[in-house]
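Only one structure is covered here, and it is reproduced in the block below.
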Amino acid sequence: MFVKRLYRSYQFNFKLIKSITDWTVLLYLVVPSLIIGFFLYRDIAGNFQVFELQPIPLSLLFFGLSFFLVKPSLRLFIYDADLLFYKQQERKIHHIKLWGYSYSFLLYNFVLVILLLLASPFILFPFWEVLFALNIISVLHICTQYRYQKWFTKWPLLLIVHTLIVLSLILPLWGFSVLLVVVHLRLLNIVLSNRYWTIETRWEYEAFYSWMKRIYQFSLEMRYYMPAKTKQPLILLAKKKVLSTHRIDNLIYKTLLRKLNYLKSPVQLVVISIILLIVLPLWAKAIILIFSFIGLNVALSSIFNEIKQAPFFQLMSVQENEWFQAKNRIKYRFFTPIGVVMILLFIMM
């Protein structure tokens, strides 16, 4: 049963990727990227002087990275309908959970080992101690997610857990082994108790559709088909203030503030461009600067076109000339500060 569900999950993701990509283009992109990436990594790692950090800076670095390298949830391959047959198929469901538990941590450790091995030519660190510590943090992280759902209870506990495990890097390897076994037994007891079925099925559905969610978030066009979220605006300005004397500008600003995910792609583009302008040589900076402005213009145009499809813009009468002038005004306000910063970086760095 576990193998069938695992196969169905991979089959779903494969069909999803196959339906939205051109395999010829993908092949011409992936293969050269892997080859170029391999040779770049080999050259950089061969010429790089390895960092040997003192215990305190190493602990601080590990503490910061632990929040990104931790495993936040489990995938147990169970669904809501399984609860109906739990009494009759208790042993089978326990086997599915155990296989899902093993698969989740084997996959996590496989990815984690690759990342640590890729980082090893650049910085000296106790490999096995860090690997065991991250596993312990992940298990305790998941236990906390099971027991506490409110952020004001959960996050202070997670901060304490991460801090204590980072400070315990002075333990010998056998101490980490014993601690890892203890926390795994505790988590297995929670998993097999079946008291958190709702949480486990929610994690399964999130994992099953994770690739679809990533693709929808990456594509502005596909994001339009996602279910609308009815959250309160995170910024109070979107609720009360008049942000512009022009009615179209004001509505666009409020829409952007109410749905900050619209600005995710432009912000990512700006951050990546700034980093590249700092590290690349002069000839490459000129290319990055040109393509950054082109990409930012395309991204903002896509956002404006998506906002234009909103229901309130369909109900009110907006002339094309009025919409064009509003787009130009907003682009000018976005481009001016960003352009000044990028040009200064281009000149000074």
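The values are calculated or read from the model by the stated rules, or taken from the named source; none is laboratory data. For clarity, every value in this text was computed on a predicted model and none was experimentally measured. So basically every Cβ, Gly included, is an ideal-geometry build from the backbone, and we count neighbours across all protein chains shown. Ligands, DNA and RNA are stripped out before the accessible areas are found, and what is left, the full protein with its side chains, is counted by its heavy atoms. Shrake-Rupley method; radii C 1.70, N 1.55, O 1.52, S 1.80 Å.
What about residue 162, is it open to solvent by less than 30 Å² (accessible area, probe 1.4 Å), in a helix (DSSP H, G or I) and closer than 21 Å to residue 108 by Cα? When the stated conditions are applied, residue 162 passes them.
Before we move on, is residue 318 open to solvent by 30 Å² or more (accessible area, probe 1.4 Å), touching a residue at least 40 places away in the same chain (Cβ under 8 Å) and out of contact with any Pro (no Cβ under 8 Å at 6 or more places or on another chain)?
Details: open to solvent by 30 Å² or more (accessible area, probe 1.4 Å): yes; touching a residue at least 40 places away in the same chain (Cβ under 8 Å): yes; out of contact with any Pro (no Cβ under 8 Å at 6 or more places or on another chain): yes.
The answer is yes for residue 318.
For the range 111-121, the criterion of being open to solvent by less than 30 Å² (accessible area, probe 1.4 Å) and closer than 16 Å to residue 194 by Cα is satisfied by no residue at all. If you go through the range 187-196 and keep only what is open to solvent by 30 Å² or more (accessible area, probe 1.4 Å), touching a Leu at 6+ places or on another chain (Cβ under 9 Å) and either at pLDDT 90 or above or over 24 Å from residue 103 (Cβ atoms) (or both), you end up with just 188. On the given criteria, is residue 244 at pLDDT 75 or above and surrounded by 11 or more Cβ atoms within 10 Å (Cβ to Cβ)? Considered against the rule, which asks whether it is at pLDDT 75 or above and surrounded by 11 or more Cβ atoms within 10 Å (Cβ to Cβ), residue 244 comes out as no.
The number of residues in the range 135-149 being over 17 Å from residue 193 (Cβ atoms), among the polar types (S, T, N, Q) and touching a residue at least 60 places away in the same chain (Cβ under 8 Å) comes to 1.
The residue of the range 127-150 that is surrounded by the most Cβ atoms within 10 Å (Cβ to Cβ), among those that are assigned to a helix (DSSP H, G or I) and of a type in the set (S, T, N, Q), is 138.
Six or more apart or on different chains, Cβ atoms under 9 Å: show the pairs whose first residue is in the range 84-100 and at pLDDT below 90 and among the charged types (D, E, K, R) and whose second is part of a helix (DSSP H, G or I) and open to solvent by 100 Å² or more (accessible area, probe 1.4 Å). These pairs meet every condition: 92/85. If you go through the range 197-211 one residue at a time, do you hit one that is exposed (fewer than 15 other Cβ atoms within 10 Å of the Cβ), closer than 30 Å to residue 16 by Cβ and small (Gly, Ala, Ser)? Yes, there is a match, as at least one residue in the range 197-211 is exposed (fewer than 15 other Cβ atoms within 10 Å of the Cβ), closer than 30 Å to residue 16 by Cβ and small (Gly, Ala, Ser).
What number of residues in the range 39-74 are open to solvent by less than 30 Å² (accessible area, probe 1.4 Å) and within 30 Å of residue 6 (Cα to Cα)? Residues flagged as open to solvent by less than 30 Å² (accessible area, probe 1.4 Å) and within 30 Å of residue 6 (Cα to Cα) within the range 39-74 amount to 3.
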